[in-house]
Amino acid sequence: MYTIGHVAKFLGVSRDTLKFYEEKGLVKPKQNKENGYRKYNRFDIYDITTVNFYREMDIEIKKIKELRKSKSIEGIKSLLEEKEQKVLEEIEYKKLLLRKIQIVKEDCEKIKKFLGEYTVKEMKPLEIKGEIEHFTAFDEYETLKENTDSLKNAITLTSLRRVIRFNDEGILEDKFIIVRKVNDTHEENEGEILSHPKCMYTIIEDGRWSTGGKNIDHNVEASLRRVAIEKGYELLGLVYINLLLTTYEEGLEHVFLEMYVPIK
């Protein structure tokens, strides 16, 4: 027979864990009625190591209790297959999460390189999943969430684009679209595909820290026209804006916007 201290030491678990197993009915050591001391036999040791075995695989206590009642080899196999599927789904989720983290790191480098600079870049293909005619059209958000490919089924920075259509007289249209990056141009897509092989590209600052909360649309439009004239580009009257990153300075948001401006 073994004391709780002995069992805790050679099985590498805490006394609290052993007491928890006892409270859940997973192990039932004999208890001295006079002094309350517990005594564990070899079958209790088997029970504890079995519980630890399943807990290492993150099997829930409820499922382990079911195993204790009655479970055939096939039943155990079925339980493990169920857990296997959950683990595979978690792995896929973690892969997506890791990729999104890497993308944001890449965006940080992009900001350092292109902030305030103008270059020519391709806007890679995007599939339109839905659109909001105006940012106050809240009733349209739920429909769009159903079409997003984000980890948490929410509209996120990587899926939202602001689209501005303009001519020589000014801004004609301003809306938001929900998009999905198209990795394979040959894959089947349900929505319209946006693709512009040649764009003026830059990153600008927005937010209350850098602009004092003022609307900078017209200033940005004027800058785009000026740069286009200097470089001899013909604008197509479209701007696609992606919110790359938001930081905070003195409690005020400091926003970095990525802009693709299609040109001929």
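The values are calculated or read from the model by the stated rules, or taken from the named source; none is laboratory data. Computed from a predicted structure; not experimentally measured. Cβ placement follows ideal geometry from the backbone for every residue including glycine, while neighbour counts extend to all protein chains displayed.
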Among the residues that make up region 241-248, is at least one of them surrounded by fewer than 13 Cβ atoms within 10 Å (Cβ to Cβ), of a type in the set (Phe, Trp, Tyr), in the same structural domain as Pro125 (by TED's automatic domain parsing) and closer than 27 Å to Glu106 by Cβ? yes
Cβ contacts < 8 Å: first residue within 23 Å of Gly130 (Cβ to Cβ), restricted to region 163-178; second residue part of a strand (DSSP E or B) and of a type in the set (Gly, Ala, Ser), any location; separation 6+ or different chain. Result? Ile177/Gly130; Ile178/Gly130
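Can you name every residue in region 157-176 that is in contact with a His (Cβ under 9 Å, 6 or more places away or on another chain) and more than 14 Å from His218 (Cβ to Cβ)?
At the first step, the residues of region 157-176 found to be in contact with a His (Cβ under 9 Å, 6 or more places away or on another chain) are 170-171, 174-176.
Answer for region 157-176, where residues must be in contact with a His (Cβ under 9 Å, 6 or more places away or on another chain) and more than 14 Å from His218 (Cβ to Cβ): Lys175, Phe176.
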Test Ile132 against the stated conditions and say whether it is in contact with a Leu (Cβ under 8 Å, 6 or more places away or on another chain) and modelled with pLDDT of 90 or more. no
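Buried (at least 16 other Cβ atoms within 10 Å of the Cβ) and in contact with a Leu (Cβ under 6 Å, 6 or more places away or on another chain): which single residue out of Val13, Val27, Val51, Val7 fits that description?
Details: Val13 fails: in contact with a Leu (Cβ under 6 Å, 6 or more places away or on another chain); Val27 fails: in contact with a Leu (Cβ under 6 Å, 6 or more places away or on another chain); Val7 fails: in contact with a Leu (Cβ under 6 Å, 6 or more places away or on another chain).
Exactly one of Val13, Val27, Val51, Val7 is buried (at least 16 other Cβ atoms within 10 Å of the Cβ) and in contact with a Leu (Cβ under 6 Å, 6 or more places away or on another chain), namely Val51.
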Just to be sure before I move on: is Glu34 at pLDDT 90 or above and out of contact with any Pro (no Cβ under 6 Å at 6 or more places or on another chain) in the structure I sent? no
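Check region 33-45 and report whether any residue there is more than 46 Å from the chain's Cα centre (by Cα) and part of a helix (DSSP H, G or I). Reasoning before the result, please.
Restricting attention to region 33-45, the residues satisfying the condition of being more than 46 Å from the chain's Cα centre (by Cα) are 33-42.
If we keep only those that are part of a helix (DSSP H, G or I) too, we end up with 42.
Checked against the condition, which is being more than 46 Å from the chain's Cα centre (by Cα) and part of a helix (DSSP H, G or I), region 33-45 yields at least one hit.
Does region 151-174 hold any residues that are of a type in the set (Gly, Ala, Ser), modelled with pLDDT of 55 or more and under 25 Å from the mean Cα position of the chain (by Cα), and which are they? Write out each step before concluding.
Quick first cut of region 151-174, residues of a type in the set (Gly, Ala, Ser) only: 154, 159, 170.
Those still in the list that are modelled with pLDDT of 55 or more too: 159, 170.
Answer for region 151-174, where residues must be of a type in the set (Gly, Ala, Ser), modelled with pLDDT of 55 or more and under 25 Å from the mean Cα position of the chain (by Cα): just Ser159.
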Odd one out for Val104, checked against (1) β-branched (Val, Ile, Thr); (2) over 30 Å from Phe256 (Cβ atoms); (3) under 18 Å from the mean Cα position of the chain (by Cα): (2)
Only residues that are surrounded by 11 or more Cβ atoms within 10 Å (Cβ to Cβ) and part of a loop (DSSP other than H, G, I, E, B): list them for region 59-95, please. Ile59, Glu60, Lys71
Give me the residue from region 10-32 that is assigned to a loop (DSSP other than H, G, I, E, B) and under 18 Å from Tyr46 (Cβ atoms) and, out of that set, farthest from the chain's Cα centre (by Cα). Pro29
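Please enumerate the residues belonging to region 93-111 that are basic (Lys, Arg) and touching an Asp or Glu at 6+ places or on another chain (Cβ under 9 Å). Full working, then the answer.
Quick first cut of region 93-111, residues basic (Lys, Arg) only: 94-95, 99-100, 105, 110.
The one that is basic (Lys, Arg) and touching an Asp or Glu at 6+ places or on another chain (Cβ under 9 Å): Lys110.
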Subset tally (residues that are more than 24 Å from the chain's Cα centre (by Cα), closer than 23 Å to Ile128 by Cβ and among the charged types (D, E, K, R)) for region 234-264: 1
